[in-house]
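The values are calculated or read from the model by the stated rules, or taken from the named source; none is laboratory data. Since the structure is predicted, the reported quantities are computational estimates derived from the model, not experimental observations. Note that we place each Cβ from the backbone using ideal geometry, even for glycine, and neighbour counts take in every protein chain shown.
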Amino acid sequence: MRKLTAVVLVAGATLVAGQAVAADLPYYPPVIEIPDVDTGYAGSFYLRGSAGLNMMWAKEVNHPTNLPATTTTFAIDEWGYGYSIGAGAGYETGTGLRFDVTADYLANDGMQATITGSNNLADGPHKLQLRSTVLLANAYYDFGFGNNYGYGAAGGAFGYVGAGAGVAFNDIITTGPGDPDVHGKSTSLAAAGMVGVGYDFGAVVADVGYRALYINRLENNATTNPYSINNNWVHEVRGTVRYRFN
């Protein structure tokens, strides 16, 4: 009985002492760290490279006649075919908008006008060879395909639309029956519209799309057989790979 009484007294004293000590200690509330929310929106610079196949068409070619005030017009009756390769650098805002500048080397051969009844040119098919350096400033909007294929922090499939404007430096050669090759150079305004689909792998983004490239005027001011071709359209299917620098 004495032992039990002693144990109870010791326990009571310990409890009272513990409460007194605890009352003297300062109180620090627990710190709960809440991580920042990752919305997936972050800007980044990128480099890009592209390659594609193209077809070119215009309505007609204009040849001056012996009278300076008049022009003989011949319909273009064959498409030209070729390719393009290019590179560029840009910035994406992380909100779907991105911007870049591109330089493309474009080659196209075979666009044709069949000449008949001209005072200056031999009758028959006359073909164009075009080599252009095209510089464009472009803007795009990237968009996801819904919850299952969202375009965001986790990457995924996306679509895009875009537009660009700039300048084309053109080197042209014309071949035809009975005539020597005619060489010429010209500089023209250029513009483009783009649409396509792609996949975001993270640091690397790949896409394939269609580009309609407009070259305002191809012109050869040579002394012999000068000509001009207005409103040239180059239809391209291109693949592009971008590399991000975050």
Can ALA157 be described as in contact with a helix residue (DSSP H, G or I) (Cβ under 7 Å, 6 or more places away or on another chain) and assigned to a strand (DSSP E or B)? yes
In the stretch 164-197, which residues are part of a strand (DSSP E or B), small (Gly, Ala, Ser) and surrounded by fewer than 15 Cβ atoms within 10 Å (Cβ to Cβ)? ALA165, GLY193
Going through THR71, THR65, THR114 one at a time, which residue ends up being hydroxyl-bearing (Ser, Thr, Tyr) and modelled with pLDDT of 80 or more? THR114
Here is a list of conditions, (1) β-branched (Val, Ile, Thr); (2) more than 30 Å from GLY43 (Cα to Cα); (3) loosely packed, with under 14 Cβ neighbours inside 10 Å, and ILE76 meets all of them except one; can you say which number that is? (3)
Mind checking which residues of the stretch 87-117 are of a type outside the set (A, V, I, L, M, F, W, C), in contact with a Phe, Trp or Tyr (Cβ under 7 Å, 6 or more places away or on another chain) and farther than 21 Å from TYR227 by Cβ? GLY90, TYR91, GLU92, GLY94, THR95, GLY96, ARG98
Name the residues in the stretch 216-246 that are of a type in the set (Phe, Trp, Tyr) and within 22 Å of ALA206 (Cα to Cα), would you? TYR243, PHE245
Out of curiosity, is THR223 crowded, with 17+ Cβ neighbours inside 10 Å and either out of contact with any helix residue (DSSP H, G or I) (no Cβ under 9 Å at 6 or more places or on another chain) or at pLDDT below 90 (or both)? no
Could you tell me whether the stretch 122-130 includes any residue that is surrounded by 17 or more Cβ atoms within 10 Å (Cβ to Cβ) and closer than 28 Å to ASP200 by Cβ? no
Whether any residue in the stretch 199-206 is of a type outside the set (A, V, I, L, M), closer than 17 Å to ILE76 by Cβ and part of a strand (DSSP E or B) is what I want to check. no
